[in-house]
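To start, the structure under review is shown below, and the notes come after it.
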Amino acid sequence: MRTRRISAATSLAVLFSSVVLVGGAANPAAADSSRILPAASVGDIVADGVHQRVFISDPTGGKVLVADYNGSVVATISSLPGVTGLELSADSGTLYAAVPGADAIVTIDTAALKESARYATGNGTDPKFPALAGGKLWFGYGGGGSGHIGSLDLSGAEPVVTLDHETNGTWYAAPTLASTPGAPDTLAAGIETQSPTYLAVYDVSSGTATRTAFRSTDGGNLRDLALTPDGKQVVVASAAPYLHQAYSATDLTPQIAYPSTSYPNAVDIAPNGMVAAGSFAWYDPDVYVYKPGVTTKPVRTYDFPNTGNSSGADTLEDAGLAWAPDTSRLFAVTVNSYGVRSLRVLTDAVKSATTVTVNAPAKSERGKKLTVTGRVKSEGAFPVGAKATVTRTDIESPKGKTLPAVTLKSDGSFSFTDTPTAGGQVTYKVSYAGDAAHSAASGSDKVAVSRAATSLTLNRNKALYSYGTDVSFTAHLGTTYKNRTVELWVDPFGPDKPKKLVKTGKVNSKGNLSTTVDMTRDTTVTAVFKGDGRYASKTVTSTAYAKVRVSTSVSKQYKTAKIGSTSYAYFHKKTNPLFTTTMSYYKNRSHKLSLQFYYQGKWYDAGSQYFKLGTNGKSIVTLTGTHDTGYRMRVRASYVNGTSGDTVNSNTNGSWKYFIFTK
């Protein structure tokens, strides 16, 4: 049902606000937004300007959803089976809902957001589309080849329901009704999905519906209709043809047509006459906004994006448009291919869309004047003397510094000069606050402003340390302007220990800042100077290396004695020596065990093998086989970067352990 009614006081407020806006710049409006709706279907949508609420009927869910002006659902009114059409009272105090599943018209208190009354319309009437006109609430009802118009009179002590106002047998199903405050005794009607589309206009001033005009149109599959605020035209959204046709309310002859696209399925007209024309369109704009009677070009268009991971963009629901009475917002209900519905809040819909382009030089020298140009572009001329604000953001003014505003030329172009005092990335943002005919917009461009280079060094690069050594890394910062702060980051090798900021501070009087690292792994230390207004940022690294802690012991010998100056473990030839290696543990780490024997004054390799460390960092290996006597031998354990199972430490050899077999 497409009927919009506001009180006389509200109408005057709308007109007055329009007068105030002329000649003055409006504040930037809130951005368009979207919220998911917990709705299985949509029957109708109306906006309440007094309480700033939006009501959406869900026939399948049997409920009315209540959202605020930001699109968030704040209440649900349930137990309304099949609820379809909605109509708001003149004072916005009562919402009328047609509930075919209960054969009733239900009233909802718009302040308490609760059902306040239920009026039976008769068994099997299935009322669907209410509209206020002539002091009564009218509704379309019936089906199965026989549609009718009924009324509900609430002016007396008891409500009075009257059926069969339509005596011409016009409708094969419940007709959709529309009314408007500007023509309080006029009622327009049509049937959804009918082809060709039949339209009728009724005079209800006598308390009965007297048909004054009837027409079979060239269109088909009616989805929505609305009366203009003065009641002189009926605007229709039918799936074909691909436009929103207006008909005279006097005799239903075709008048102007608002160009749209396939397939028209929604229309709503604001109290000031602005027309929102919606279509079920996959690849074209979904909504076109026109000034009353102006069809040459829309003021705004909206092409809805994809919600979630659905296939294709969201599409507009049938009869899914509603203006806020003051036209500050246009509400639209959309659905994606998965049946997920959203309430979209479109701001500044009555204003031409504005864009701002800003063109600044790609590079410039610090302290040298540069020129920025651009254009504020929109439909129609801007007010004489219109200005745009300019903000410069740089390293010394991260929140932005306001520069003198620029005056727009007649075509919206502008130009200004500035001398950047800080180097690095400098952003110029130009903002137009909007006016009565143009929306707010902004644009920006960036300039790379030169800065001097400073020196930053870090010691200990490529140094090798014993496991667990505490090593001091010192960064030295050269000349800068204001910033003397350096960050020190430590990144131990291995994926289990991420890079970590360990110190941030100002360098000392010598330009130094230090941190101490416990060298249990190869480690990269990074020093970062983030720059300032005159000196560029700089980053340097130093990678130092750490050995593992490794030792090997032998056991089961029958004695220990020196050969020359070297201590040997003595084993009987039938004894198998036991070699115990202890090494710094790391997950999946192995150690290399190497054997050598001494012959004619030289040591020769006798083989090597890798053995996995236990989680306690130990490995026990037994030397088996035939043991030749009289040969001096030695064994040692080693960590080999890469082949020992990891790469977090540097190659490390343990000390040799010497032994000999005897009879």
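A short reminder: the numbers here are calculations on the coordinates, not readings from a lab. Just so it is clear, the structure is predicted and the values come from calculations on it, not from any experiment. Positions of Cβ are generated from backbone atoms using ideal geometry, with glycine treated the same way; all protein chains shown enter the neighbour counts.
R0 = 60 Å: FRET efficiency of residue 575 with residue 452, Cβ-based, nearest 0.05?
0.20
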Determine, from the Cβ-Cβ distance of residue 655 and residue 504 and an R0 of 56 Å, the FRET efficiency 1/(1 + (r/R0)^6), rounded to the nearest 0.05. 0.85
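Report the FRET efficiency, 1/(1 + (r/R0)^6), for residue 485 and residue 355, where r is their Cβ-Cβ distance and R0 is 51 Å, rounded to 0.05.
With a Förster radius of 51 Å, E is 0.80.
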Taking the DSSP beta bridges in the chain as the whole, what percent of them are antiparallel, to the nearest 5? 95 percent
In nm, to one decimal, how far is the modelled label at residue 425 from the one at residue 463, with both set 7 Å along Cα→Cβ? 3.6 nm
Ordering of 408-419, 443-454 by burial proxy (mean other Cβ atoms within 10 Å per residue, highest first): 443-454, 408-419
With a sphere of radius 14 Å drawn around the Cβ of residue 630, what net charge do the other residues whose Cβ falls strictly inside it have (Lys, Arg +1; Asp, Glu -1)? +2
Highest to lowest packing among 534-542, 57-65, scored as the average C-beta count within 10 Å: 57-65, 534-542
For region 355-447, just list the percent of Cα-Cα distances falling in each 10 Å bin from zero outward, please. 17, 50, 25, 8, 0
Net charge (Lys, Arg +1; Asp, Glu -1) of residues whose beta-carbon lies under 13 Å from that of residue 202, residue 202 excluded, is -1
Roughly how many debye, to the nearest 20, is the charge dipole of region 456-546 about its Cα centre, given +1 on each Lys and Arg Cβ, -1 on each Asp and Glu Cβ, and no other charges? 420 debye
Equivalent-ellipsoid semi-axes (√(5λ), Cα gyration tensor) for region 427-585, whole Å, largest first? 60, 21, 10
Contour minus Cα-Cα span, residue 52 to residue 496, at 0.36 nm per residue, comes to 154.4 nm
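What size of dipole, in debye to the nearest 20, comes out for the chain about its Cα centre when the only charges are +1 on Lys and Arg C-beta atoms and -1 on Asp and Glu C-beta atoms?
7500 debye
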In the chain, once you exclude exposed GluC sites (Glu not before Pro) (DSSP loop, at most 16 other Cβ within 10 angstrom), what's the longest stretch remaining? 1-364
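Can you tally the net charge around residue 367? Count Lys and Arg as +1, Asp and Glu as -1, for every other residue whose Cβ sits under 12 Å from the Cβ of residue 367.
Numbers: positive: 366, 368, 369, 451, 534; negative: 365, 418.
Once all neighbours under 12 Å are counted, the net charge is +3.
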